[in-house]
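Participant: First, the structure itself, so that you have it in front of you.
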Amino acid sequence: MELPAVNLKAILLVHWLLTTWGCIVFQGPYAWTNFPILALGVWAMAQRDSVDAISMFLGGLVATIFLDVIYIGIFYPRSNLSDTVRFSAGMAILNLILKPISCFFVYHMYRERGGFLGPSEERSSYQPIDSSEVPADPESKAHVTRGY
């Protein structure tokens, strides 16, 4: 299945807009956790080949999913729900719903940049360039002793 082409700029724009609207009600910690992660996204956009930038943005998005659940659960207004408060809370909740989808697309960008999660498949750091043989395991060689 081919993934649709989603631009990192579009992901950042959508989350920036929804975070800005969500900050009408959820100020303080909600803004302090979401805006620095969006700054990491700008860094990932500027450094197109950097695995570190996109991995930090991905990790930040995953962390803000859990933090947003806590912030919205704690600071959701229970009374005096004006239209502005309902709109702002709705945008923060929509932002939270879209974050796992964004994480999916950002993870694929991470893989395209050469990132890999899991154990390394590399057996040896040295590979000879003059032959196509598989490098020998250095620990299986017999120890050579010198006779004096």
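Participant: Report the percentage of all Cα-Cα pairs in segment 8-113 whose separation exceeds 22 Å, rounded to a whole percent. Intermediate values should be presented prior to the final figure.
Facilitator: Numbers: 1587 of 5565 pairs.
Here the long-distance tail beyond 22 Å is 29 percent of all Cα pairs in segment 8-113.
Participant: Now for a separate question. Quick one: 3J(HN,Hα) in Hz for segment 29-37, Karplus 6.51/-1.76/1.60 with θ = phi - 60°, rounded, Gly and Pro as x.
Facilitator: 3J(HN,Hα) across segment 29-37, in whole Hz: x, 4, 6, 5, 8, 7, 5, x, 5.
Participant: Kindly report the accessible area of segment 8-113 per residue (heavy atoms of protein chains, probe 1.4 Å, no ligands, DNA or RNA), in Å². Mind showing how you got there, number by number?
Facilitator: Values: 5780 Å² over 106 residues.
Ligands and nucleic acids excluded, the figure is 55 Å² per residue.
Participant: Summing Lys, Arg as +1 and Asp, Glu as -1, what charge do residues with Cβ under 15 Å from the Cβ of L38 carry, L38 excluded?
Facilitator: Within the 15 Å Cβ shell, the charges total +1.
The values are calculated or read from the model by the stated rules, or taken from the named source; none is laboratory data. Worth saying up front: this structure is predicted, and the values here are computed from it rather than measured. So basically every Cβ, Gly included, is an ideal-geometry build from the backbone, and we count neighbours across all protein chains shown. To get the accessible areas, we keep the full protein, side chains included, count just its heavy atoms, and leave off ligands, DNA and RNA. Shrake-Rupley method; radii C 1.70, N 1.55, O 1.52, S 1.80 Å.
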